[in-house]
Amino acid sequence: SNAKQRCSRSESEPEARSAFELPEMWAVIRGRQGLPYEHSLQPSFESNVEQLVAFSCKPNPQELPVDAVTLAFERFTHPKLTKLINADELVHRQKALAMIDKLCCAPTEVAKFLEVGVVQALNKATSDSDGDVRVLASHVLLLVAREKAGRDHMLNAGTIIVLQRLLFDGEQQVRAHACQALAALCIETKMTEEVVETGTVAHLVERTKHENDEVMPHTLYALKMCLMHMQGLTAAIEVGAISAMASLLSSHSPAVREAACQNLFCLAVPMDGKSSCLDEGSVPGLFPRLVELLLEPYSHVQAEAAAALMAMSVSIPAKHKAVECNA
């Protein structure tokens, strides 16, 4: 009789667990999703339909841990997230890009995303009508550009043209990310040649005429990275970069003045650049303005102005010009 009671108890225990533990489990899941949940003791097709109708996507109800998605999807994480970059639902696109942005802080994760074609998906996402999606997509491209394999994939996918387009985006953060990504691409000589050949220098010089003080240092740094290549120097001089840098010496931002002096130093390296700097017709008031910056209260601006004057004052006429300006 005792054995029969134990058998009957063991047979009823799974039913008891399924009756009580299952609702608790779904309550925890729904609670994690930020959704209300009431367990139905009599499941049916009608109740399931009502449950589906009541369900709605919420924009970021809770901050997920970094490893939540990777633990849930395991080896399918990277292809799933890459596919969602261009999903139909805006919430899905935003959440997928936000999670990719977190994961790509690790080079190993960047390599896994590259294998599933994340660069092509990001290129398409930069044309999204939502500003947040474009900001996230451009930042992920920046993270990818900092890796050697990422730069190769971006070159093959035509991302340089995409970044050029983002230089004129309406979102300030997107423009800053595009400038930083272009600068990261120019770390390698081969990539710098590709960036310059696609006409990036002309776009950067054009942006210096309209960019605000917050993004301008990033624009000037990207231009400086292009000037590290002789082809970039030649292209910059041809499109009037010296006069553009001269106009920025009167900027209210010390960071902009410093970056403009750095670029003038680079532009004065070739003889054509030295001649253009000395030509008052094309660049009026350049030497007097640089001499004024030697009295700048910011020491780093003083140093860059002195370096620019040093690069320009190689020839005898340039030395006379500097002396006339009380250098």
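The values are calculated or read from the model by the stated rules, or taken from the named source; none is laboratory data. Everything numeric here is computed off the predicted structure, so don't read it as measured data. We place every Cβ from the backbone using ideal geometry, glycine too, and count neighbours over all the protein chains shown. The protein model used for the area step is the full one, side chains on, heavy atoms only, and it has no ligands, DNA or RNA in it. Shrake-Rupley method; radii C 1.70, N 1.55, O 1.52, S 1.80 Å.
Suppose the filter is within 22 Å of Met312 (Cβ to Cβ) and of a type in the set (Ser, Thr, Tyr); does Thr192 pass it? No.
Being open to solvent by 40 Å² or more (accessible area, probe 1.4 Å), touching a Ser or Thr at 6+ places or on another chain (Cβ under 9 Å), not basic (Lys, Arg) and not in a loop (DSSP other than H, G, I, E, B) is a description that applies to His153. Residue-level check: of (1) more than 27 Å from Ala222 (Cβ to Cβ); (2) surrounded by fewer than 20 Cβ atoms within 10 Å (Cβ to Cβ), Ser313 misses just (2). For region 259-276, residues that are closer than 11 Å to Ile242 by Cα, within 26 Å of the chain's Cα centre (by Cα) and open to solvent by 10 Å² or more (accessible area, probe 1.4 Å) total 1.
Quickly run through region 239-252 and pick out the residues that are open to solvent by less than 50 Å² (accessible area, probe 1.4 Å), of a type in the set (A, V, I, L, M) and free of Cβ contacts under 8 Å to residues at least 40 places away in the same chain. Step through it out loud before you land on a result.
We begin by selecting, within region 239-252, every residue open to solvent by less than 50 Å² (accessible area, probe 1.4 Å); these are 240-242, 244-246, 248-249, 251.
When the remaining residues are screened for being of a type in the set (A, V, I, L, M), the result is 241-242, 244-246, 248-249.
Hits for region 239-252 are Ala244, Met245.
Can you say whether Ala255 is open to solvent by 10 Å² or more (accessible area, probe 1.4 Å) and in contact with a Lys or Arg (Cβ under 8 Å, 6 or more places away or on another chain), as far as the supplied structure shows? Taking the combined requirement at face value, the residue does not satisfy it.
Conditions tested, residue by residue: (1) assigned to a helix (DSSP H, G or I); (2) of a type outside the set (Val, Ile, Thr); (3) modelled with pLDDT of 95 or more.
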{"residue": "Glu211", "(1), (2), (3)": "no, yes, no"}
{"residue": "Tyr221", "(1), (2), (3)": "yes, yes, yes"}
{"residue": "Gln231", "(1), (2), (3)": "yes, yes, no"}
{"residue": "Ile237", "(1), (2), (3)": "yes, no, no"}
{"residue": "Met245", "(1), (2), (3)": "yes, yes, no"}
{"residue": "Phe265", "(1), (2), (3)": "yes, yes, no"}
{"residue": "Ser275", "(1), (2), (3)": "yes, yes, no"}
{"residue": "Val283", "(1), (2), (3)": "no, no, no"}
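Take the residues in region 210-224 that are under 17 Å from the mean Cα position of the chain (by Cα) and open to solvent by 30 Å² or more (accessible area, probe 1.4 Å), then tell me which one is farthest from Ala260 (Cα to Cα). Step by step, filter region 210-224, then rank; the result is Glu214. Within region 156-171, the set of residues being in a helix (DSSP H, G or I) and either more than 11 Å from the chain's Cα centre (by Cα) or within 15 Å of Val133 (Cβ to Cβ) (or both) comprises Asn156, Thr159, Ile160, Ile161, Val162, Gln164, Arg165, Leu166.
Out of all the residues in region 261-277, is one or more under 30 Å from Glu214 (Cβ atoms) and of a type in the set (Ser, Thr, Tyr)?
Within region 261-277, the subset under 30 Å from Glu214 (Cβ atoms) is 261-269, 273, 276-277.
Adding the requirement that they be of a type in the set (Ser, Thr, Tyr) leaves 276.
Yes, region 261-277 contains a residue that is under 30 Å from Glu214 (Cβ atoms) and of a type in the set (Ser, Thr, Tyr).
Only one of the numbered conditions (1) acidic (Asp, Glu); (2) out of contact with any Leu (no Cβ under 8 Å at 6 or more places or on another chain); (3) part of a helix (DSSP H, G or I) is violated by Glu194, and that is (2).
Enumerate the helices (runs of 4 or more DSSP H) found wholly within region 84-142, keeping only those where 1 or more residues are surrounded by 16 or more Cβ atoms within 10 Å (Cβ to Cβ) and in contact with a Gly (Cβ under 9 Å, 6 or more places away or on another chain).
Values: elements: 90-103, 107-115, 118-125.
Output list reads 107-115, 118-125.
Would you say Ala236 is touching a Phe, Trp or Tyr at 6+ places or on another chain (Cβ under 8 Å) and crowded, with 21+ Cβ neighbours inside 10 Å?
Values: touching a Phe, Trp or Tyr at 6+ places or on another chain (Cβ under 8 Å): no; crowded, with 21+ Cβ neighbours inside 10 Å: yes.
Considered against the rule, which asks whether it is touching a Phe, Trp or Tyr at 6+ places or on another chain (Cβ under 8 Å) and crowded, with 21+ Cβ neighbours inside 10 Å, Ala236 comes out as no.
Filtering region 173-209 to residues that are without any contact (Cβ under 8 Å) to a residue 40 or more places away in the chain and open to solvent by less than 30 Å² (accessible area, probe 1.4 Å) leaves Val195, Val196, Gly199, Leu204, Val205.
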